[in-house]
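The values are calculated or read from the model by the stated rules, or taken from the named source; none is laboratory data. Note that the structure is a prediction, hence the values are computed from the model and not measured. Reconstructed Cβ throughout: ideal geometry from the backbone, glycine too, with neighbour counts over all protein chains shown.
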Amino acid sequence: MKNFIITIIVIAIIGALYYFVGPLFNVQEVDDVLPEVTSGIENLTEEQKVEMDALMVEANKEEKEEMVEDMPEMLTVSESFPVMGTFGHPASGSVKIVENLEETIIRYEDFETINGPQLHLYLSKDIEGKDYIDLGPIRGTKGNINYTVPEGIDLNEYRYVMYWCVPFSVLFNYADVGA
């Protein structure tokens, strides 16, 4: 009976080590491309395209070139915000906010961190992760990684972008993108 209990304890310890320590050695490399800057013409509605065509017909070549130069840029990229690791969870790289007409992207660049159990990407109003939006499981621990922000989320309300360990409620790393 004593050997049976010892065997169960050893199996439980091995299982716990596999679950909690195993992910630390699992590097998930991702290399997403930065969305391209476009003229924006392909993003116009059919009515806007017809109107633009009519304006182009009326304009001469020089005016056409001026019109294209004066079009607002359709892709904006924020400054780089450094990624900060927390105690025992080193991290390096930067985070940028990329916006175009269709979507907003949180982009990690030259990023590297360790893995952990059930890491999720949070947008949070506080560093403790009390008021947050969970964007789901992380996509990688190394590289250039894009995360699409769901429509309707105002990033001005969320100061921190963070990798969060769900089962232990532990912050692994974060970037302060707030004002």
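Would you confirm, using the coordinates I've provided, whether residue 9 is at negative phi, at pLDDT 85 or above and under 14 Å from the mean Cα position of the chain (by Cα)? Steps first, please.
Numbers: at negative phi: yes; at pLDDT 85 or above: yes; under 14 Å from the mean Cα position of the chain (by Cα): no.
The answer is no for residue 9.
Mind listing just one residue for me: the one in region 141-170 that is in contact with a strand residue (DSSP E or B) (Cβ under 9 Å, 6 or more places away or on another chain) and assigned to a loop (DSSP other than H, G, I, E, B) and, of those, farthest from residue 104 (Cα to Cα)? Among those residues, the one meeting the criterion is 166. Of all the criteria given as (1) surrounded by fewer than 20 Cβ atoms within 10 Å (Cβ to Cβ); (2) modelled with pLDDT of 95 or more, the one not satisfied by residue 108 is (1).
Restricting 163, 174 to residues that are at pLDDT 95 or above, under 18 Å from residue 28 (Cβ atoms), among the aromatic types (Phe, Trp, Tyr) and surrounded by 13 or more Cβ atoms within 10 Å (Cβ to Cβ) narrows the list to 163.
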